[in-house]
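The structure appears below as structure tokens.
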Ligand code: XMP
């Protein structure tokens, strides 16, 4: 029978057999897959593993710092932190079309990845958090019926771009490829990943950049990060995090009139998007207590400069999508 302990033990043996003493590169994202992967590889091959974290500048407040700190201080796994915030922001400067934003962020990700892997490398292997559903999806035939049957594998990236350039060749190490998501969570938990990673809500690859409608600027990113942080804090405080599939803030690039003290304000609205879902394909807006909405609204308007109004999105999917871009 499958247990996390035997899985960890066997993966370590398999990784060692496959990789030997050659070098492996891994791109951490902060999710449970890449975190579990990093832990397994580090256990198997120690300093032959290089974990790279590319900070695009679109993550939630404190998340990059927390991720790096967790790995370095708690797991003693060094992380090559790449601050690429300015270049990502420059790439989408003035861009308002959602798909164009995604494309540019995806391509920049590949470019940074390529440059950094050359700088830190050379590497023989790339570790990927491919899961069993990804294997099925990317295979021509469905389930590999013969042991050892070859299955086509695409470079997994949360950015919807083709993958790495041809001259950047790696062999793949994919120790999670037989697991379903809930099994990865179990393994992650058993090796001591904190619940905030194990149970983290899905977060899009382009991050906050697609939660600022229209043009993304440093100022808008700061505002959204702070508003989003309030949402997360209040939801955690009330023990509701696990009631949602996703729960986040969106910034609209328009302004409306408000009043604060005896001052007229003219500032951005924040949209609250709180949804329940089984798989993200369909979703329902969450019937949350008015008190929660009130607390979040008051705190955002009082604490986040540049916001004077909070609205609640009561659209399900379909016809709405979960994200606003
Ligand atoms: P929508 O907005 O289409 O989202 O209802 C469904 C799920 O996919 C996530 N999402 C993305 N994830 N890159 C990602 O990695 C993206 O560009 C992207 N767009 C949407 C979304 O957060 C939700 O979980």
Please count how many residues of the stretch 247-271 are crowded, with 16+ Cβ neighbours inside 10 Å and more than 15 Å from the ligand (Cβ to nearest atom).
7
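Given the condition part of a strand (DSSP E or B), surrounded by fewer than 14 Cβ atoms within 10 Å (Cβ to Cβ) and either at pLDDT 95 or above or within 19 Å of the chain's Cα centre (by Cα) (or both), answer yes or no: does some residue in the stretch 85-96 qualify? Show your work before the answer.
Start the filter on the stretch 85-96 by keeping residues that are part of a strand (DSSP E or B), which leaves none.
Taking every residue of the stretch 85-96 in turn, none turns out to be part of a strand (DSSP E or B), surrounded by fewer than 14 Cβ atoms within 10 Å (Cβ to Cβ) and either at pLDDT 95 or above or within 19 Å of the chain's Cα centre (by Cα) (or both).
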Output the number of the condition that residue 234 fails; it satisfies all remaining conditions of (1) within 21 Å of residue 324 (Cβ to Cβ); (2) part of a strand (DSSP E or B); (3) over 17 Å from the mean Cα position of the chain (by Cα).
(2)
Within the stretch 278-322, track down each residue that is on the phi > 0 side of the Ramachandran plot and away from the ligand (no atom under 16 Å from the Cβ).
306
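For residue 325, are the conditions met, namely being farther than 13 Å from residue 245 by Cα, within 25 Å of the chain's Cα centre (by Cα) and within 16 Å of the ligand (Cβ to nearest atom)?
On the way: farther than 13 Å from residue 245 by Cα: yes; within 25 Å of the chain's Cα centre (by Cα): yes; within 16 Å of the ligand (Cβ to nearest atom): yes.
Yes, satisfied.
Within the stretch 188-205, is even one residue more than 23 Å from residue 71 (Cβ to Cβ) and more than 16 Å from the ligand (Cβ to nearest atom)? Can you show your working first?
Residues of the stretch 188-205 that are more than 23 Å from residue 71 (Cβ to Cβ), as a first pass: none.
Within the stretch 188-205, not a single residue is more than 23 Å from residue 71 (Cβ to Cβ) and more than 16 Å from the ligand (Cβ to nearest atom).
Out of 238, 199, report the one residue that is surrounded by fewer than 17 Cβ atoms within 10 Å (Cβ to Cβ) and either over 19 Å from residue 35 (Cβ atoms) or touching a strand residue (DSSP E or B) at 6+ places or on another chain (Cβ under 6 Å) (or both). Let's see the steps before the verdict.
On the way: 199 fails: either over 19 Å from residue 35 (Cβ atoms) or touching a strand residue (DSSP E or B) at 6+ places or on another chain (Cβ under 6 Å) (or both).
Unique residue meeting the criteria: 238.
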What's the number of the only condition in (1) more than 17 Å from the chain's Cα centre (by Cα); (2) touching a residue at least 24 places away in the same chain (Cβ under 8 Å); (3) not in a helix (DSSP H, G or I) that residue 254 fails to meet?
(2)
State all residues of the stretch 232-246 that are within 16 Å of the ligand (Cβ to nearest atom) and within 12 Å of residue 196 (Cβ to Cβ); if no residue qualifies, say none.
232, 241, 242
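The values are calculated or read from the model by the stated rules, or taken from the named source; none is laboratory data. Treat the numbers as computed from the prediction; the structure is a model and nothing was measured. Every residue, glycine as well, gets a Cβ built from its backbone with ideal geometry; the counts of neighbours run over all protein chains shown.
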